[in-house]
Amino acid sequence: MADISAEIETLEHRFMRAWMKREKSELKKLLTRDFLLVMASPRPELLDRPSFLEACQGDFHCSAYRMREVFSRQHGKSVWFTAGFDLEMKLGRLDWKGEFWISDLWRKNAFGRGWKLAERSLARMEPDEVLAHAMHRLQLWN
């Protein structure tokens with residue numbers, strides 16, 4: 001299969017712009033019916049597709065983003081996309097800004113309508129690099 005990294009990255013930008021502009025119809029086109037957002041926190045929280053679409057119209061708004069450290073890997077009819085993001089979001093009255101790690105699962109639509117986002121995991125990045133350096137030392141190729 002051809003490398004589809006550029007296609008998935010383009011879809012990621014479409015998704016983020018639609019979220020910023022609160023374009024519910026565009027978000028619906030990009031999400032699977034069983035879409036799930038997983039927010040990493042001490043008690044992980046979930047939003048299903050209807051909850052996410054409704055929240056994007058009100059209390060959960062992204063006002064700015066910058067994508068960094070992009071990786072994607074295809075597995076059959078699915079693609080894992082992971083990237084570092086600088087995000088500026090509002091969650092109700094809470095300003096939620098900073099560096100985040102996003103992992104997205106894109107699935108090829110069975111009816112030939114392209115790729116759809118099935119799952120997004122959103123986590124704040126660890127500010128201390130001690131853990132990253134310790135993990136780096138475990139890599140056999142270094």
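The values are calculated or read from the model by the stated rules, or taken from the named source; none is laboratory data. What you are looking at is a predicted structure, and each value in this text was computed from that prediction instead of being measured. Positions of Cβ are backbone-derived with ideal geometry, glycine not excepted, and every protein chain shown enters the neighbour counts. When the accessible area is computed, the model is the full protein with side chains, heavy atoms only, and any ligands, DNA or RNA have been set aside. Shrake-Rupley method; radii C 1.70, N 1.55, O 1.52, S 1.80 Å.
General remarks:
- Subset of segment 57-67 [open to solvent by 40 Å² or more (accessible area, probe 1.4 Å) and either more than 23 Å from residue 84 (Cβ to Cβ) or within 14 Å of the chain's Cα centre (by Cα) (or both)]: 57, 59, 65, 66
- Out of 10, 32, sole residue that is β-branched (Val, Ile, Thr), assigned to a helix (DSSP H, G or I) and surrounded by 11 or more Cβ atoms within 10 Å (Cβ to Cβ): 10
- In segment 35-51, the residues that are surrounded by 12 or more Cβ atoms within 10 Å (Cβ to Cβ), part of a strand (DSSP E or B) and not aliphatic (A, V, I, L, M): 35, 48
- Taken together, 54, 26 contain a single residue that is open to solvent by less than 40 Å² (accessible area, probe 1.4 Å) and of a type outside the set (A, V, I, L, M, F, W, C), which is 26.
- Residue count, segment 51-99 (criterion: touching a residue at least 24 places away in the same chain (Cβ under 8 Å) and of a type in the set (D, E, K, R)): 5
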